[in-house]
Structures are given as structure tokens and as C-alpha cells.
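Reviewing the structure listed below.
Every read-out reported here was derived from the displayed coordinates using simple, explicitly stated rules and does not represent laboratory data. Values in this document were obtained by computation on a predicted structure and should not be read as measured data. When we count neighbours, we look across all protein chains shown, and the Cβ atoms used for this are built from the backbone with ideal geometry, even at glycine.
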Ligand SMILES: [Zn+2]
């Protein structure tokens, strides 16, 4: 059986700019899903005629509501133990990164707790976090490893996620850490990938002063590419590192952060169709300068958004990320929606199957309890009352009963 959603759709974004194929229009809907995929998007009577033999598992009346593609979160670090809520007060009181570090905090605190955590504890918290992301409308999430640091803990994390992230080094020079990654981590990864024990797609490095310099980053990314991984890395966050130029040269699919990207880097990324994954929560919470979203959009860079969920930026919500992108990075609401759907899917190499409501794509969508989808961005933190249904592969995976009784205005 299929499911059909009848939706008035007059206020949809008319030209959300799309990753790879120019501009994009969302049509008036209903949507017909079967076998997990969108089979038709169009007029209800046409769908009824075309699929007259179909029996419907469920018909959702969407009068007064609207539909959006499921949101795609292009950057998260969801597998770790040891939150850092205690540090938040210290940071608000003005403690510097080094002071927190000396008080036993920072990333080392998370690494220590993650290493000690049992695999099932990591799995349970990971599942709960994914559930919360889903309720906030994310139906596809990029998940990075990276808080394990040693091979054993990283492999424990990589059994859960698809992006292998080298974000830190402790007690090693950058060159030693790079050699270790290339000679030990990546061959093991290749072996486990071949045997089907893990399913990793992306390689990620934190290209930053005092972490991995440009040359080490290049060696690791190239080695990852050589074993068939897609390049998707952290660059130009705290210092201009020429990460964008490097990514463009190596054929990276995406680079995240880019607060300190150069003008030349922006041009190189546009030319190479390398997506910029911008993370408005990071700039907001760490009080960094904002990434230059406008300049990137004007140069034709494919701009995507991510929540950057991690112990430092504890945010599950792409609607709030879109709001911050609009207010702090001066994106329009249509641009933010495209960045949190089709362009984020592109950054993950999934735009053929995800990120928009098109025939043949996976049936991932949201039903918003409002006739104007923009409420999802406009109501800062209001998504819990607005997201009425989350549908994945044509099945309702989350239904918000409060929407029947509580006004979302
Ligand atoms: Zn990150």
C-alpha cells in the first residue's frame, strides 16, 4: 500500500537554489509514496487515476498545513559520552579555552569519558540523540566519529557512523599522528570496509593550527581518497589555512566551517563544486566571526547547513540552525531551506536520493502545522509545536499529537 498526502501548497519556496542542477521549484502537491519512494507529486485527481488500484495505508488530510522535504543535517558529532554542561557556566563567566583546559575540561574531558564508555552506552545515547534530531525534522544526518582518538575507540564509534573524522592528536606531533593514521588507521578501516563490518563513506580532518597543518591534511585526505572515501573536512575555522584551496584541488565533496576562508578559496570552491557546510551554532556559541554566506552564494558556492551537534554546541535543531543562518549570516529563508535540504544532501553525496520532493527520491518529508512553511524558521525554537509529522521512506515515524489541540501560532 502507498500513502498519500493531500496538501495545499501555495506558499512554498519558488526558487530555492539547488546544488547541482540550477534552480528548483517545489510544485503544488499531493505526494504519493510507495515502497519508500516518491512515485508522484502533483494533482490529486491525476494521482488517483494513475494509481487507482492502490490501497492506501494512510491518508493524511493536510488542510491548513504544508509539506517540506525532510531536513538534512550536514555536520554532527553525535557519538560521545561526558557532556560539558559545567563548562558552559565557566565560559559564560569569561573563562578562556586554556583555563577550561587547565581545569580538566575541553575536548580531553569528552575523549576520556568516551574511551571509558561501554559500547552499549554509546549506542543508547547515540540513538536518543538521533531520535531528538528526527523530532526536530532531520531525516538524514551526517555523523562523524572523532572523540575516540585511538584506533580501538574510533573503530567502536565507526561501527555506528559513516564519517571517519581525525579531529585531534594527543601526545604526538602532527607528522607522527599523520603517519599513524596513514599506516595504521586507514588500512584497518579499508579491511573492515571490505569485509562489510563498517560502512564508512567520508574522511574528515581538522585542518587547523596546532592540529593538522595543510601538508598533513593533504596526506591524510589523499590517503582516504585512495581507499575510496569521499573528502568532507573541517577547514579555515579559527585561522586562514588555505583549506578551501586544498579541498578544491583534491576534489573534496564538502568543507565545513570556513569562518576564515579567503576570497580565492571561495572562488576555488565554486569552480570545483565543493559544498560549503556552514555551522551557525558554532559561530554563535563560540562568539566567532560569522562565515561569509552571502559572498559564497554570490560566487556560486553550494552552501549547506549543519547543526555541528557536539558537546560544545548542544543543538539538535535544524530549524534553529536555519533561523541563525538567516539572522546572523544574512541568508534568505529560501536559501536557508535549500541549504538544509538539497544542498546538505549534495554535501553528503546523497542529492540523487534525498533533499527534495521529486519522483524517484526517498519519501522523506515533514508536515508543518501551518499554511506557511516559513513559520518553521520564523518561530525561533518553536519547531516542537510546528512539526506535525515526520515521514521517512513514506512511513510516519513521528506524529505530534499536540498539533491537533494546540495552536501553533
Ligand atoms: Zn565538526
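Summary table
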item	result
Fluctuation leader among 328, 202, 184 - the chain, Gaussian network, Cα springs under 10 angstrom	184
Spin-label pair residue 353/residue 287, simplified geometry with 7 Å Cα→Cβ offset, distance in nm	4.4
Rg over Rh [alpha-carbon atoms, Kirkwood Rh] for the chain	0.98
Among 223, 89, 177, residue whose mean-square fluctuation peaks in a GNM of the chain (springs only between Cα atoms under 10 Å)	89
Residue order, fewest to most surrounding Cβ atoms within 10 angstrom, among 161, 303	161, 303
222 nm mean residue ellipticity, helices alone, for the chain (DSSP H n ≥ 4; -39,500 (n - 2.57); rounded to 500)	-10000 deg cm²/dmol
Between helix 263-272 and the chain: long-axis angle, C-alpha atoms, 0 to 90°, nearest 10	60
Computed E for residue 152/residue 194 - FRET, C-beta separation, R0 22 angstrom, nearest 0.05	0.65
Gain in span if fully extended, residue 127 to residue 271, counting 0.36 nm per residue against the direct Cα distance	48.1 nm
Fraction of beta bridges assigned by DSSP in the chain that are antiparallel (%, nearest 5)	45
Percent of Cα-Cα distances greater than 21 Å, calculated over the stretch 115-215	39
Relative contact order of the chain, defined on C-alpha pairs under 8 angstrom at six or more residues apart (%)	20
Degrees between helix 107-116 axis and first principal axis of the chain (Cα, 0 to 90, nearest 10)	80
Gap separating the Cα centres of the stretch 240-255 and the stretch 167-191, nearest whole Å	20
Exposure proxy order (Cβ contacts within 10 Å, fewest to most) of 71, 366, 357	357, 366, 71
Virtual spin-label span in nm between residue 103 and residue 184, 7 Å along Cα→Cβ	3.3
Angle between the chain longest axis and helix 318-329 axis [Cα atoms, degrees, rounded to 10]	70
All-pairs Cα distance distribution in the stretch 285-409, expressed in whole percent, bin size 10 Å	12, 38, 37, 12, 1
Residues residue 93 and residue 371, FRET efficiency given R0 of 51 Å [Cβ-Cβ distance, rounded to 0.05]	0.70
Taking 401, 142 and counting other C-beta atoms within 10 Å, the order from fewest to most	401, 142
Alpha carbon centroid spacing (whole Å) that separates the stretch 275-354 from the stretch 60-91	13
